[in-house]
Amino acid sequence: EEEEEKKDEEMTDAKDGEAADADAKAEEAEEGKEEETKEEAAKPKEPEKPKELETDAADETRPKVTPGTVDFSSHDATLNVMPTANNRLLMALTEGGFQYLLAGVRSTVGLKSGRYLFEAKIVESHSGKSDQGATGAGQNGQGPMPRQQVRLGLSTAGSSLFLADGSSGSVSFDSEGYFVHEKSRKRVSQKFGRDVTVALLINLDESSPNANTISLFRDGVRICEPQAIPEKLKGKPLFPTITYKNVTLQVNFGPAPMRPLPFKCHMLSEAAAADVEVAVVPKPADGKYEVLFPVGLPDVGYFDWVDQFVERNPSFVELSDRKIVEWAVKSGMWKPKGAGHSNDKPDMKFGLPQMDDMSVRRLLSHIAPTARRNFIIPELKANLVASERAEALARFTSPEFKKTATVIVGEPTAEYKARVQELLIAEKKRKAEAEKKKKSADGDRKKLLEEKKKKAAAAKRKREGGDEEAKEEEEEEKEEPAADGEIVVELTDEEKALSFRKLGADITENLLAKAYAFFSLPTTEEGFASVSYAWSAEEAAGKTLKDWIFAKKLTQRVEDLKAGESFKEAWTAWQKTLSEWRKLQQEWKDPSRRKALLAKKAEAKKKEAEEKGDEAPKEDAKMEIDFEELDVFAVEDVKDLGDGRPLFSDYVFEDWTLLSVRYELHILLHSFKKDLNDPDRPSFSEKDLAFYYNKYFKKQFGLKTFAVEKLADLADLIKDTFSINEKTTFLEAALTDDTPITNFVKLTEDHRRERQRRL
């Protein structure tokens, strides 16, 4: 019984323990729920979407802009913009390389105040041609992505037509959902594509809670919160602007929206006249648009003058290769950095077949004459050559155009010089700021590295038990941040004396060498309505060009010079004669062959005597000749001094080499003068000797062959053949053009004997 009672007690205790455990678990679960509830309560709630702060617009009682005022400006658009359907559809050229280039157009009115709306819809997308065959590493084997793109925004008058190109004169949304100003680009909305109506709301109403913001709506629904207009743009008239590529856009300025918004808002075409500024398009005074051809010399401020002119005359559109490259870069392509190019003709190879085939340049030459715009054509080399000027003038045959030329040659104006000084200071300051930024970044990087090393060392000491030392190491004095003062730069005396900036080569040396001799200044007889002179007057500019060409002739190579027939005949005859002389010397030096040679000559003399009816010379009669005392210049036949011995019998390798170079330099100098036929350039300079030597003789010229280091040393060695003019550095022949080739043998033999005497 006691055992049974004991068992009953144990069972009861076990049940009580299980019940206690269950209660404890229940309490823990309850506590867990309470903690979860507390944590959920502690978590921040997701913010509710803000309520729409835009309200219905009141009826406009003020005078409105006249109908037709609000539109896209044909004078403020890139040349690939093709408007149609009364400017309600915007298309763009897509042939060839144009499929990669952005199109941009600005409206005719800029907003100053109020709240207004305009809409756009992508009605057509163009895929463009395949990039098959693309090789440009910078383009990743394809054109800029995405292929179709739309940017809606605002820009100031005269600013870039390419929204989001990094400039400070615009702010925009793009079809990828980004809000862009200068180099800041952040995603703020959803993407939009074809067949949806996108509305850009511009709120410049100071009484509105969303004042100075722009918003984007898709099919009447807001897809982004109001984005603040940058401070730089506030207070300026802001013109609605569209930049697009490979799409056709339907644009609506009003009066009614295609897709109404949740609130009533006036369309742009219904704007109050007081809220907008209408862009004024200056009309030509004589009813004709101007095509200006600036004419200047390379590397003396040409492109700085062009940039200054376009800056002051924004109605002029520049047509040039450098602008095509700039356009491509702003459209998202990598700028090529190939060698052998210039400011006038930059590298146009982007690694995309449709860009590299020059289709953009070709199409622009067709489009420009159809546009009623002012153009400036800064083709530096082409504008200096009369035949190329004629070709350019022939493109603008319409009577709507007035073709003019401005010559920028000679001493620049004080205004231009001041502008150059400003540019030099700005460039110097830019470099100083970049250097300062680089040093600051390097300093921060070094400081961060030192801090990491110190922390690692402190952690190591702490692990080893040196807590106190670690604490002391951690307690460091905070350094005061260095004050960022404004960088002040000054020009050196040498820089202050500059009238032109060095911007790299305006024309490549190779192209300049081929063209500079044909440079001339334009005249009205060529077809120009007028020719003006921006710097020096006509007479002084003409003299400057003439002096410049003459100076170039002293230093520039003639790349396309060709050897004339007289040279070819003389060179062929020389090679044949030289070969005969060397063969004759070998026969004289060989005793067995010499005997045969003498016998042959004796037989020839006998035969000659018989033909003349004279007595044949006796076989044992020999002429005694003292070879060492012989007057080489009195020798009549260099192949036979009288005893069968040639004058060049003792020539060694060096003598034959000097004989050859004597005649080669002689014939080269005379042939150059004859073939070029330019009285201003009778010869060439020392630096171009190897070039012309290779052009005429098809072989390399090297001073090492003659064991000298300078050409002057060679000239001293064979001064009987040529010399170097100290004033012009031109090479001058010492002998006349009709000098017999045997004279060069005599000169070489005389030089050989002199060398032997010195030894």
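Across region 643-677, the number of residues qualifying as open to solvent by less than 20 Å² (accessible area, probe 1.4 Å) and farther than 26 Å from Phe706 by Cβ comes to 1.
Return the pair list, or none, for Cβ contacts closer than 7 Å from residues in region 371-400 that are free of Cβ contacts under 8 Å to residues at least 12 places away in the same chain and under 25 Å from His341 (Cβ atoms) to residues that are in a helix (DSSP H, G or I) and among the small types (Gly, Ala, Ser), at least 6 apart or on different chains. Listed pairs, sorted by first residue: Ala382/Ala392; Glu388/Ala382. Taken as a whole, region 247-255 holds at least one residue that is free of Cβ contacts under 8 Å to residues at least 24 places away in the same chain, closer than 29 Å to Val196 by Cα and open to solvent by 70 Å² or more (accessible area, probe 1.4 Å).
When only residues in region 624-647 that are at pLDDT 90 or above and in contact with a Leu (Cβ under 8 Å, 6 or more places away or on another chain) count, which is nearest to Arg594 (Cα to Cα)? By that ranking, first place goes to Pro646. Selection of region 339-357 for residues being surrounded by 15 or more Cβ atoms within 10 Å (Cβ to Cβ) and of a type in the set (A, V, I, L, M, F, W, C) yields Met348, Phe350, Leu352, Met355. Specify the residue that is most open to solvent (accessible area, probe 1.4 Å); the eligible residues are those in region 215-232 that are under 21 Å from Pro146 (Cα atoms) and not in a loop (DSSP other than H, G, I, E, B). Here the residue is Arg218. State whether one or more residues within region 563-581 are within 26 Å of Tyr651 (Cβ to Cβ), among the basic types (Lys, Arg) and open to solvent by 50 Å² or more (accessible area, probe 1.4 Å). Yes: region 563-581 contains one or more residues that are within 26 Å of Tyr651 (Cβ to Cβ), among the basic types (Lys, Arg) and open to solvent by 50 Å² or more (accessible area, probe 1.4 Å). Considering region 319-338, and only residues there that are of a type outside the set (S, T, N, Q) and open to solvent by less than 20 Å² (accessible area, probe 1.4 Å), the residue that is farthest from Glu415 (Cα to Cα) turns out to be Met333.
Scanning region 713-734 for residues that are out of contact with any strand residue (DSSP E or B) (no Cβ under 8 Å at 6 or more places or on another chain), open to solvent by less than 40 Å² (accessible area, probe 1.4 Å) and farther than 15 Å from Ile667 by Cα gives a single hit, Leu714. Among the residues of region 161-170, the ones that are open to solvent by 30 Å² or more (accessible area, probe 1.4 Å) and under 13 Å from Gly104 (Cα atoms) come to 2 in all. The set of residues from region 491-505 being under 13 Å from Ala426 (Cβ atoms) and either among the charged types (D, E, K, R) or without any contact (Cβ under 8 Å) to a residue 60 or more places away in the chain (or both) comprises Glu495, Arg501. Screening Phe691 with (1) under 30 Å from Arg753 (Cα atoms); (2) in a helix (DSSP H, G or I) gives one miss only, at (1).
Results for (1) loosely packed, with under 15 Cβ neighbours inside 10 Å; (2) at positive phi; (3) not polar (S, T, N, Q), shown as yes or no for each residue.
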| position | (1), (2), (3) |
| --- | --- |
| Ser172 | no, no, no |
| Gly177 | no, yes, yes |
| Val180 | no, no, yes |
| Arg187 | yes, no, yes |
| Asp205 | no, no, yes |
| Thr213 | no, no, no |
| Lys234 | yes, no, yes |
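Give me the residue from region 499-529 that is charged (D, E, K, R) and in contact with a helix residue (DSSP H, G or I) (Cβ under 7 Å, 6 or more places away or on another chain) and, out of that set, least open to solvent (accessible area, probe 1.4 Å). Step by step, filter region 499-529, then rank; the result is Asp506.
The values are calculated or read from the model by the stated rules, or taken from the named source; none is laboratory data. Being a predicted model, the structure only gives us computed values, none of them experimental. Every residue, glycine as well, gets a Cβ built from its backbone with ideal geometry; the counts of neighbours run over all protein chains shown. Heavy atoms of the whole protein, side chains included, go into the accessibility calculation; ligands, DNA and RNA do not. Shrake-Rupley method; radii C 1.70, N 1.55, O 1.52, S 1.80 Å.
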